[in-house]
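These notes are about the structure you will find just below.
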Amino acid sequence: MGFGTMLSTPDGLGFGMRGRISAPVNADLSLAVDLGFTGFFLGGRDDADWIFDPQVSAIVTLPYEADRATYVIAGLGAYVPMESKDDDPVSGPMIHFGAGRVQLLRETTFFYELDPMIIIGENSVHLAIPLRIGIIF
């Protein structure tokens with residue numbers, strides 16, 4: 001479970017939350033499914049845009065250090081406006097590729113990641129850069 005910010009060319013700066021379920025394939029590779037919601041509401045409630053951005057990903061964990069590990073994440077997803085004040089909101093499939101780090105606590109793990117995505121709109125391509133932090137149970 002995590003929280004984050006997203007800087008998006010079509011919508012600006014947003015804040016959101018995300019849930020991820022992952023399953024290990026082997027010691028280095030995991031497959032994951034994410035569901036995220038981001039709100040772009042810095043212009044007030046009346047001008048807010050709300051985005052749903054599900055993803056499927058492969059996560060490769062690099063060699064561990066004592067109590068932390070770095071990983072790379074890549075996959076496909078969608079950028080779906082749930083509610084938008086724009087006349088023609090950007091939506092479409094997306095490709096993402098990023099990196100993150102996990103830090104072992106006592107019984108849980110803290111993570112942070114940067115996972116840029118390319119949104120393939122109907123007539124143009126856009127960029128979104130999410131920065132996420134959270135806890136792995």
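Here, each number is a calculation from the coordinates, and none is a lab measurement. Source: prediction; values computed, not measured. Note that each Cβ is placed from the backbone with ideal geometry, even for glycine, and that neighbours are counted across all protein chains shown.
Each label was represented as a point 7 Å from its Cα along the Cα-to-Cβ direction; for residue 58 and residue 17 these points are 3.2 nm apart. The stretch between residue 88 and residue 25 holds 18.6 nm of extra length on full extension. This uses 0.36 nm per residue minus the Cα-Cα distance.
For the chain, the convex hull spanned by the alpha carbon atoms encloses 95 Å³ per residue. Normalised by the number of residues in the chain, the average gap of Cα pairs under 8 Å and 6 or more apart makes the relative contact order 21 percent. In region 2-136, a dipole from Cβ-located charges (positive for Lys and Arg, negative for Asp and Glu) runs towards its positive end, and of 27, 131, 97 it is 27 whose Cα lies farthest in that direction.
This ranking places 80, 90 by how few other beta-carbon atoms lie within 10 Å of each, fewest first, which gives 80, 90. The simple spin-label model puts a point 7 Å past each Cα toward its Cβ; for residue 123 and residue 35 those points are separated by 3.3 nm.
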